[in-house]
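The structure appears right after this line, and notes come after that.
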Amino acid sequence: MKIKIIQIVLLIVIGYLGYMVWETIQTPVRFNKEKDHRAEVVIQNLKDIRSAQQMYRALNDTFVPSFDTLIKFLREGQIPVVNIIFDPSDTTFTKTINDTIGFVSVADSLFGRRLDFKLNDIQYIPFSDGDKFELDSGKINKGGVMVPVFMAIAKKELFLTGLDKNLIRNPIVIDLTVGSLTEPSTDGNWE
């Protein structure tokens, strides 16, 4: 009888230890899956910020340092629609005639095909508690030329809110950034 009780207790202990080993393995797996999902959404927002910044630079030869200005530009900015035809009097087909036929909203041009896009949400880090991306811009000297630069950052602690803090502190898990304030680059650190 004592042997039966000991066997049952040992079976329960073995089952519990097996479950604990399983959980030890599955916790980082679940974390990585959720981290990758959240990073994918944040990266899309960073790409949207980059597109808006590049459009602003194309029209103004600088980048925007704040979301207020960027959102105002997206909402109110206009892009000219130009019809380019070859000059009929030029037999070499090198001269063109440019005719502005209208204007298109910047927001419609960049995000018009996206049904779920909300202009004001471009500044907020997904999965955070309403925290904003860090955004800054400036100019750097590169080879004797002043080059405009910008950088947007999503801190890992903000977009991974609610997940295991010990796994977030892992140096392999990084903040997501696009652009640089020290190099003339608009690449993201995920590319």
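For residue 85 and residue 62, what is the calculated FRET efficiency with R₀ set at 41 Å and r taken between the beta-carbons, to the nearest 0.05?
Details: r = 32 Å, r/R0 = 0.77.
Result of the calculation: an efficiency of 0.80.
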Karplus couplings for region 152-157 from phi (6.51 cos²θ - 1.76 cosθ + 1.60, θ = phi - 60°), rounded to Hz, Gly and Pro as x? 10, 10, 10, 5, 4, 5
What angle, in degrees between 0 and 90 and rounded to the nearest 10, separates the Cα long axis of helix 67-76 from the longest principal axis of the Cα atoms of the chain? 50
Distance check, please: which entries in 72/118; 35/72; 72/142; 95/142; 72/155 exceed 23 angstrom between their Cα atoms? 35/72; 72/142; 95/142; 72/155
In region 93-133, which trypsin sites (Lys or Arg not before Pro) are in a loop and have at most 11 other Cβ atoms within 10 Å, using DSSP for the loop call? 95, 113, 114, 118
Those residues of region 29-46 whose amide nitrogen sits under 19 Å from the label point placed on residue 117, 7 Å along Cα→Cβ: 40-46
Normalised by the residues of the chain, what does the relative contact order come to in percent, with Cα pairs under 8 Å and at least six apart? 20
To the nearest 10 degrees, how steeply does helix 2-60 sit against the main Cα axis of the chain, on a 0 to 90 scale? 10
Specify the inter-centroid distance of region 1-74 and region 134-185, based on alpha-carbon positions, in whole Å. 18
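To the nearest 0.05, what FRET efficiency results for residue 145 and residue 95 with a Förster distance of 30 Å applied to their C-beta separation? Intermediate results must be reported in sequence, preceding the final value.
On the way: r = 30 Å, r/R0 = 1.00.
The calculated FRET efficiency here is 0.50.
Here, each number is a calculation from the coordinates, and none is a lab measurement. What you are looking at is a predicted structure, and each value in this text was computed from that prediction instead of being measured. Virtual Cβ from ideal backbone geometry, glycine too; neighbours counted across all protein chains shown.
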